[in-house]
Amino acid sequence: MADDHAQTAIERLVADHLQAVYGYAYRLTGSATDAEDLTQQVFLVAQERWEQLRRPDRARGWLFAILRNCFVRTWRRPEAVPAAVLGLDLDSLPAVAEVGESVDGERLEQALGELPPEFRAVLVMFYFDDCSYREIAEQLGVPMGTVMSRLARGKQHLRSRLLGDEKVPNPTVRSDER
């Protein structure tokens, strides 16, 4: 009987949170197919770890934490070349630029998709989920300074891509940020 109850609860969890989990997965991956795969992976992990959900009223946050962990673990990209190797001084790049018109959503999704997962997760959590630096640091298990630097470098990449400066490389994760 306990298995029937757990199965019903898991079905309810999927019914209640499928759309939100898929939407978040899509923002992270930028691809419908990858978002579907990631969403399935999240609910599979949730089913396997069902007993870890202590408070059903916090299921969404629990699922989002699983999603972020699956995303970062599964969707890692090959190591990028650090800007220092290319002879670029990131501090000399402009931090603020004026944009005269609104940002095209498709271009934004494309620029987000170019970022390494560690940067994309921080940007999505900050701008789409309205998480604070502290909340992001706690959920990702990284120092708050790492969150701040990833957010700054991720924003810099987005700014350069959306304003047409194709020469600025993607940010990379330094060994002290892992």
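The values are calculated or read from the model by the stated rules, or taken from the named source; none is laboratory data. Just so it is clear, the model here is predicted, and its values are computed rather than measured. Cβ atoms come from the backbone with ideal geometry, glycine included; neighbour counts cover every protein chain shown.
Modelled with pLDDT under 85 and of a type in the set (Val, Ile, Thr): which single residue out of Val147, Val122, Val168, Val142 fits that description?
Val168
Restricting to segment 106-146, and then to whatever is under 12 Å from the mean Cα position of the chain (by Cα) and β-branched (Val, Ile, Thr), can you tell me which residue is surrounded by the most Cβ atoms within 10 Å (Cβ to Cβ)?
Val122
Can you spot a residue in segment 56-74 that is part of a loop (DSSP other than H, G, I, E, B) and either modelled with pLDDT under 80 or surrounded by 16 or more Cβ atoms within 10 Å (Cβ to Cβ) (or both)?
no
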